[in-house]
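Take a look at the structure set out below.
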Amino acid sequence: MPSATVNATRMELTKQKKKLATSTRGHKLLKDKRDELMKQFLDLVRENRALRKKVEDALMRAHGSFTVASALMSSEVLEQSLLYPKQSVELDMTYQNIMSVNVPMYHFETASADAGEIYPYGFATTSCELDDAVDALSSVFEDMLKLAQIEKATQLLAEEIEKTRRRVNALEYVVIPDCQEKIKSISMKLDENERNNTIRLMKVKDMMLAEQIEANRKADAAAMAEFKAKNQV
């Protein structure tokens, strides 16, 4: 049954048909968008899984090297060695549009192009394990940034997929069936009204015909009575 009572007019019927056509077209477009979003989402999930494993392995290596360096060096020397970093990083963010979703893109640039600037200490008083830990952290920084970018993208795409799914379901199970029911109801009422009008016209025609027949019968009777009256005279 229609969700609300509608006027059974041809104007309303035309309006509902246009609404149904628009809803059907929008439903198809949203389904295509949802399918493409799912494809993009699954690609990002696979990339995220592989990159996360790579980052975790690199961080484990860096942690292992740092643990060994902590065991070989005193805490004062270790703290002093890492107290004043020499290298700095500038982070920039732009946006990429993926199926109407603005996904952040992170870009970084080091203040110095010299690779040796990642070591803020002299090599004479530190162990090589600390060098390995700093180098591992420097190497994994770009992958960590990309991992953060991918995880944010997957979160935004998941939210957009959910919103699109709700819209598709609303059109498929509420709006489109409601329009179809209204069109069916209005069409039936218009057909019924047309049949009633036809029946009324037929009844009026029969009444007019009966009246004409009765008038003709009376006219014939009057003419016959007049004819008889003349003949008797």
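The values are calculated or read from the model by the stated rules, or taken from the named source; none is laboratory data. Given the structure is predicted, the values throughout are model-derived calculations rather than measurements. Positions of Cβ are backbone-derived with ideal geometry, glycine not excepted, and every protein chain shown enters the neighbour counts. Protein only, heavy atoms only, side chains kept; ligands, DNA and RNA dropped before computing areas. Shrake-Rupley method; radii C 1.70, N 1.55, O 1.52, S 1.80 Å.
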field: Flag if residue 146 is out of contact with any helix residue (DSSP H, G or I) (no Cβ under 9 Å at 6 or more places or on another chain) and not in a loop (DSSP other than H, G, I, E, B)
entry: no
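Okay, residues lined up against (1) in contact with a Ser or Thr (Cβ under 8 Å, 6 or more places away or on another chain); (2) under 15 Å from residue 172 (Cα atoms); (3) assigned to a helix (DSSP H, G or I):
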position: 26; (1), (2), (3): no, yes, yes
position: 30; (1), (2), (3): yes, yes, yes
position: 34; (1), (2), (3): yes, yes, yes
position: 41; (1), (2), (3): yes, no, yes
task: Give me a count of the residues in the range 73-122 that are out of contact with any strand residue (DSSP E or B) (no Cβ under 9 Å at 6 or more places or on another chain) and closer than 30 Å to residue 157 by Cα.
output: 4
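Output yes when any residue across the range 183-199 is of a type outside the set (A, V, I, L, M, F, W, C) and either assigned to a loop (DSSP other than H, G, I, E, B) or modelled with pLDDT of 95 or more (or both), and no when none is.
no
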- prompt: Within the range 165-184, which residues are crowded, with 18+ Cβ neighbours inside 10 Å and touching a Leu at 6+ places or on another chain (Cβ under 8 Å)?
  reply: 168, 171, 179, 183
- request: Please go through the range 8-21 and pick out each residue that is open to solvent by 80 Å² or more (accessible area, probe 1.4 Å) and under 28 Å from the mean Cα position of the chain (by Cα).
  value: 15, 17, 18, 19
- request: Kindly provide the set of residues from the range 77-98 that are open to solvent by 90 Å² or more (accessible area, probe 1.4 Å), outside any loop (DSSP other than H, G, I, E, B) and closer than 21 Å to residue 137 by Cα, ordered by number.
  value: 79, 80, 90, 91
query: Exactly one of (1) open to solvent by 70 Å² or more (accessible area, probe 1.4 Å); (2) part of a helix (DSSP H, G or I) is unmet by residue 134. Its number?
result: (1)
- request: Please tell me if residue 70 is open to solvent by 60 Å² or more (accessible area, probe 1.4 Å) and polar (S, T, N, Q).
  value: no
message: All but one of (1) open to solvent by 70 Å² or more (accessible area, probe 1.4 Å); (2) under 30 Å from residue 62 (Cβ atoms) hold for residue 127; state the number of the condition that does not hold.
response: (1)
Residue list for the range 127-183, filter: under 13 Å from the mean Cα position of the chain (by Cα) and either closer than 22 Å to residue 108 by Cβ or basic (Lys, Arg) (or both): 156, 163, 165, 166, 167
task: Given the conditions (1) farther than 23 Å from residue 163 by Cβ; (2) of a type outside the set (D, E, K, R); (3) without any contact (Cβ under 8 Å) to a residue 12 or more places away in the chain, report the number of the one that residue 59 does not fulfil.
output: (3)
- request: Inspect the range 160-181 for any residue being of a type in the set (S, T, N, Q) and not in a helix (DSSP H, G or I) and give the result as yes or no.
  value: no
query: So residue 162 clears everything in (1) without any contact (Cβ under 8 Å) to a residue 24 or more places away in the chain; (2) farther than 30 Å from residue 26 by Cα; (3) open to solvent by 60 Å² or more (accessible area, probe 1.4 Å) except one condition, right? Which one?
result: (2)
- prompt: If we scan the range 99-122, do we find a residue that is open to solvent by 60 Å² or more (accessible area, probe 1.4 Å), part of a helix (DSSP H, G or I) and at negative phi?
  reply: yes
- prompt: Out of all the residues in the range 76-94, is one or more within 28 Å of the chain's Cα centre (by Cα) and under 27 Å from residue 150 (Cβ atoms)?
  reply: yes
